[in-house]
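First comes the structure, then the notes that go with it.
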Amino acid sequence: MEYRFYVDEQGRPREGLAESGQGSRGSAPVRAVSSGRVVDELSEGEELYRAVVEQATEGILLVDAGTKRVIEANAAYQNLLGYGPEEISRLMLYDLVPYPRESMDCYVEQVLERGNYVSGERRHLQKDGSTVDVEVSANTIYYGGREAMCIVVRDITERKRAEERIRALNEELEDRVRRRTAQLQAANEELEAFSYSVSHDLRAPLRAMTGFSRILLEDYADRLDDEGLDYLGRIQKAGKRMGALIDDLLDLSRLTRRQIGRGAVDLSTLAKGVAEDLRRAEPGRRARFFIAEGLSVTGDAGLLRVVLENLLGNAWKFTSREAEARIEFGAVEREGRSVYHVTDNGAGFDAAYADRIFDPFQRLHAEDEFEGVGVGLATVTRIIRRHGGSLWAEGQPGKGATFYFTL
């Protein structure tokens, strides 16, 4: 006997029997489908499902939600753990993961409660007892009228190995940086100590040289001709310059050793104080200062005063030959940060040598034009760098200069 089922136009089964291809009064038309055709369609659907699951590159595991027994596992999952089809079908979920039963029961409850669950990175147990790193996601499904879990597993062993290699390389790099930093710090400390020692020890012979030359000028001037007096004058001048050089070297050495303080600093007030000191030192100078108000930063007040003393002092020095000097201190916004500047209308400099002026003992003007030993801007550079900032300059000969810095 052949059984027939009746379905509507959408293929949905209808209750009861239909005569002559019609359903009950008022119902949609129905058509008869033989039981054999239904079986064929179900078989085709199952084959398609199995083909998709078996060909999947990711492991797929079906587990009964109540008993925690394995219902089915595809080839990818079997190969990942090293089990055969019959072996894995006899296992429970607890046999496949290296976690306590309580933890896995909680995991299953979360999946059932939410309907789906992504647990991220976990580990599964291989047949030989070793573990493999995997990425897991799970969904609730219904299998034969019972709740089950479909667990999708992706092997991330290679990714974990790559991450481990990167971590090891980073640790090695950090170790190299630490060792190199320690070596550089030791070398800098040794160099600073040497510089301090040499500068300090030079004071004694320098005092002797300048002292005896002064005695010659005072006590034996009448016995020397003009040429001899000129030589002694040159010795005195050179001694004075060397003394200033030693002082600057010692200041630079102390600056490197000093700890940086952190606090609110009013740069406008500091600049006004420096400008007033410069005016008092040379009251006859015709010079105008333009200092912006409200320039406040966080840093070391003492060291930032040294910065302004050098920059404003340089502007004062290099405008000494101007009929009316103009010196400005202000700030502008560039790319979201404050850039401070000191601008003057003095002698300026050739822009081709802009980088050299920040090196110790580098001078772009002759000594008979403007005095100095060339350490001031090197000091400024160190202070700015220790405040995490940068320093640069622009200028033209005879048209003044502008020094910029950030903190």
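The values are calculated or read from the model by the stated rules, or taken from the named source; none is laboratory data. Keep in mind the model is a prediction, meaning the values are calculated, not measured. Cβ sites come from the backbone with ideal geometry, for glycine too, and all protein chains shown count toward neighbours.
Here are the numbers:
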| quantity | calculated |
| --- | --- |
| Check on residue 334, loosely packed, with under 11 Cβ neighbours inside 10 Å and within 19 Å of residue 393 (Cβ to Cβ) | yes |
| Criterion violated by residue 172 - all others in (1) surrounded by fewer than 12 Cβ atoms within 10 Å (Cβ to Cβ); (2) assigned to a strand (DSSP E or B) satisfied | (2) |
| Unmet requirement for residue 126, which otherwise passes all of (1) of a type in the set (S, T, N, Q); (2) within 26 Å of residue 91 (Cβ to Cβ); (3) modelled with pLDDT under 90 | (3) |
| All positions within the stretch 49-102 that are touching a Leu at 6+ places or on another chain (Cβ under 7 Å) and among the basic types (Lys, Arg) | 68 |
| Members of the stretch 122-147 that are in a strand (DSSP E or B), free of Cβ contacts under 8 Å to residues at least 60 places away in the same chain and out of contact with any helix residue (DSSP H, G or I) (no Cβ under 8 Å at 6 or more places or on another chain) | 122, 123, 131, 135, 136, 137, 142 |
| Some residue of the stretch 306-322 being of a type in the set (Phe, Trp, Tyr) and touching a Leu at 6+ places or on another chain (Cβ under 7 Å) | yes |
| In the stretch 57-76, the residues that are of a type in the set (A, V, I, L, M) and closer than 13 Å to residue 147 by Cβ | 62, 63, 65, 71 |
| Residues that are over 18 Å from residue 310 (Cβ atoms), more than 35 Å from the chain's Cα centre (by Cα) and not hydrophobic (A, V, I, L, M, F, W, C), drawn from the stretch 321-361 | 321, 322, 324, 326, 345, 350 |
| Residue match in the stretch 219-226 (condition: assigned to a helix (DSSP H, G or I), more than 30 Å from residue 66 (Cβ to Cβ) and in contact (Cβ under 8 Å) with a residue 24 or more places away in the chain) | no |
| Candidate set from the stretch 316-328 (those that are of a type in the set (A, V, I, L, M, F, W, C) and free of Cβ contacts under 8 Å to residues at least 60 places away in the same chain); member that is surrounded by the most Cβ atoms within 10 Å (Cβ to Cβ) | 327 |
| Some residue of the stretch 234-245 being β-branched (Val, Ile, Thr), farther than 30 Å from residue 197 by Cα, modelled with pLDDT of 85 or more and assigned to a helix (DSSP H, G or I) | no |
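Conditions tested, residue by residue: (1) in a strand (DSSP E or B); (2) modelled with pLDDT of 90 or more.
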residue	(1), (2)
149	yes, no
168	no, yes
179	no, yes
185	no, no
